[in-house]
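Working notes, beginning with the structure itself.
What follows draws every value from the coordinates through simple rules; no lab data is involved. It should be emphasised that the depicted structure is a prediction, and the values quoted were computed from it without experimental measurement. With ideal geometry, Cβ positions are generated from the backbone for all residues, glycine too; neighbour counts draw on all protein chains shown.
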Amino acid sequence: MKKIPPFSDGNGRTGRIIIIDNCLKENLIPIIIPKEEKGKYIGFLATENSKEFTKWGLELQKKEMFRMECFKNKELTQIDEALIKKCRSKK
């Protein structure tokens, strides 16, 4: 995918979107590649080191799972606080 240039810029973004899309279709935690680690991602593509890319992808999935749980917990906390306020206002 990365080697086929449909346009002068954007192949990387397109590739990363395809990675996320495939993860979601397979009911997996998406692999989100941080901007700071773009060079590492490009390095894996350049060397075609799928074994190390897979290890790295699993690490990124763990980080994303943690981020999603934090978001979920924060959202639940906000919902709980809203329910408590709503219940108190009914008394």
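As a test of understanding, state the convex hull volume per residue of the stretch 11-90 from its alpha carbons, in Å³.
On the way: hull volume 9.2 nm³, N = 80.
Convex hull of Cα atoms, per residue: 114 Å³.
Computed extension length for Lys74-Ile42: 8.2 nm, one decimal, from 0.36 nm per residue of separation with the Cα-Cα distance subtracted.
Ordered by the number of other Cβ atoms lying within 10 Å of each residue's own Cβ, fewest first, Ser50, Ser89 fall into the sequence Ser89, Ser50. Counting neighbouring Cβ atoms within 10 Å and putting the fewest first, the residues Arg67, Arg13 line up as Arg13, Arg67.
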